[in-house]
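Read-outs: derived from the displayed coordinates by stated rules, not from any lab. Everything numeric here is computed off the predicted structure, so don't read it as measured data. All Cβ positions, even for glycine, are placed from backbone atoms using ideal geometry, and neighbour counts span all protein chains on display.
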């Protein structure tokens, strides 16, 4: 049983898998990855449309958290990956890098070394894109990427939406990652030959053949161990009981934007008054731990259509046939990502960059007695969210007991500009759906429905029906100022031997999904750590 290594990585998620691959590439480094969840052997993980079962509270591959939405808007449940691969093993497989302006903005906020010119090479090095190499796209990397196939079932509906978007002023592009001005395209996905390409599959599993890398699944990290203000190890618990593992060099938290700040607080790093209230000995008073929480607030609009919907493919005998088809040939609609189309739009043409991401899924759902259920009639969804929220939430421990979930407040749409952008996005989606190219296929707007027309009515509907986009970030903010939790090298301020490397260090959300930026961050910090030595 390992009791001492050079580097301990807490969490085998998107950043942690890449970081482990980088650090273990040097044979003299001994690396341990500790993951609370199980190995990623489930058939549902491999099958892209397995997300319908994976992203359910109570599934053994996810954490489930109760979240206060903010104000008097009630609560919801957030799920985050809890398995080898982390959220990359349960997410919608949408590969979105964000825009150059996102990372240049990070640099302006004091994250030296995180401008687009610094980060872009990491994206290129990771990618093996089916569309081939260009100045904006990589090939030969470990992460295999494909666009949603243009001849797949439902193609006629996809083409109608793309043409309608063009009529509404949103250009068609081959690859939104290579289009800084936005546009709409078939979704780029981390899927290859019908199988999910998670961070664990692309980075961690190939590295696990190295003798200097050990991966411990089904192992809970209870706290970080300190000598003074130096992190020297972790206390863990597995089926054999509790034990301590020491780090010769560093402990790196890659547990995600909820678990990483929780572990810091449980270990005595955070707001001293809050920690003392739970009887936790304060190692370092760092009030911003758990603050600056950001999340994309996602809303789906829903339409009844004449054809092109996949609703019937995911129900009854057709569902059984498609699962069998997938098991035998890895083909059919079970190979689709969470959405077939992706777009970046400006709700105001005067904006310098797109402010909302939209996605088209060839399915529609309603609320049933046991949760969401597919509509029996043909339908599809056009959803999205404002990409650059100004509203901020927080996460704080609710107990000194590591088994007690933290208290999370999202504060969705707390900022007036966020509210205005949310309303403008819904109106932009309706504008697309009103174009001639799609009108003949649309029977009815089911949600929000045409009775929801005024700004106030749209906002109320958004509050009541929107929810997490699974992109929570910012809770261990990176920066050069004294209040930042981590510095631009991801080191926890005021502490030695401890870093945080996951979406919690992002000072602001990137434009779009966070999986690709999380992997790039893991590679960036990994290269940085190797260079330091």
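Using a/c under 1.5 as the rounded threshold, could you call the stretch 414-533 rounded, prolate or oblate? The axes a ≥ b ≥ c are square roots of the C-alpha gyration tensor eigenvalues, and prolate needs a/b larger than b/c, oblate otherwise.
prolate
Using every pair of alpha-carbon atoms in the chain, split the distances into 20 Å bins beginning at 0 and state the percent of pairs per bin, rounded to integers.
The calculated distribution, bin by bin, is 23, 58, 19, 0.
Give the shape of the stretch 352-489 as rounded, prolate or oblate, defined through the alpha-carbon gyration tensor: a ≥ b ≥ c are the square roots of its eigenvalues, a/c under 1.5 means rounded, and otherwise the shape is prolate if a/b is larger than b/c and oblate if not.
prolate
Compute for the stretch 393-459: radius of gyration divided by Kirkwood radius, i.e. Rg/Rh, restricted to C-alpha atoms, rounded to two decimals. Before the final figure, lay out the partial values.
Details: Rg = 19.0 Å, Rh = 15.2 Å.
Rg/Rh: 1.25.
Report, to the nearest 10°, how far helix 14-24 tilts away from the longest principal axis of the Cα atoms in the chain, using its own Cα long axis and a range of 0 to 90°.
40 degrees
If you count, for each residue, the other Cβ atoms within 10 Å and average over each peptide, how do 400-408, 130-138 line up from highest to lowest?
Top of the packing list down: 400-408, 130-138.
Rank these for me by crowding, 108, 163, going from fewest to most other beta carbons within 10 Å.
Taking fewest neighbouring Cβ atoms as first place, the list is 108, 163.
Just the Cα atoms of the stretch 136-258: what Rg and Dmax do they give in Å?
For the stretch 136-258, the Cα radius of gyration and maximum Cα-Cα distance read 22.4, 64 Å.
Enter the per residue convex hull volume of the stretch 34-159, computed from alpha-carbon coordinates, in Å³ rounded to the nearest integer.
So the per-residue hull volume is 208 Å³.
Calculated FRET efficiency, residue 367 and residue 483, Cβ-Cβ r, R0 51 Å, to nearest 0.05?
The value I calculate is 0.75.
Can you give the extra length, in nm with one decimal, that the chain gains between residue 273 and residue 76 once fully stretched, where that is 0.36 nm per residue apart less the Cα-Cα distance?
68.1 nm
Given a Förster distance of 51 angstrom, what is the FRET efficiency for residue 108 paired with residue 239, based on the Cβ-Cβ distance and rounded to 0.05? Let's see the in-between values first.
On the way: r = 48 Å, r/R0 = 0.94.
Calculated value: 0.60.
To make sure I understand, if each residue's beta carbon is the centre and we count other beta carbons within 10 Å, what order do 21, 89, 454 fall in, fewest to most?
454, 21, 89
Helix 455-465 versus the longest principal axis of the chain: what is the Cα-based angle in degrees, 0 to 90, to the nearest 10?
Relative to the chain, helix 455-465 is tipped by roughly 60 degrees.
What is the stretch 241-397 by shape, rounded, prolate or oblate, if you read a ≥ b ≥ c off the alpha carbon gyration tensor as root eigenvalues and call it rounded for a/c under 1.5, prolate for a/b larger than b/c, and oblate otherwise?
prolate
Taking 0.36 nm per residue of separation and subtracting the Cα-Cα distance, what length does fully extending residue 377 through residue 400 add?
3.3 nm
In Å and from the alpha-carbon atoms only, list the Rg and Dmax of the stretch 168-325.
23.5, 67
If you line up the long axis of helix 116-126 against the longest principal axis of the chain, both from Cα atoms, how many degrees apart are they, to the nearest 10?
Approximately 80 degrees, to the nearest ten.
What whole-number distance in Å separates the alpha-carbon centres of the stretch 454-485 and the stretch 241-302?
Going from one Cα centre to the other spans 19 Å.
Would you mind ranking 43, 226, 278 by Cβ crowding within 10 Å, fewest neighbours first?
Placing the least packed residue first, the sequence is 43, 278, 226.
Residues in the stretch 355-385 near a label at residue 167, defined as backbone nitrogen under 12 Å from the 7 Å Cα→Cβ point?
none
Take every Cα pair under 8 Å in the chain that's 6+ residues apart, average their separations, divide by the length, and report that relative contact order as a whole percent.
On the way: 1314 pairs, mean separation 118.8, N = 533.
Relative contact order for the chain comes out at 22 percent.
Gain in length, residue 249 to residue 229, computed as 0.36 nm per residue apart minus the alpha-carbon separation, to one decimal in nm?
5.8 nm
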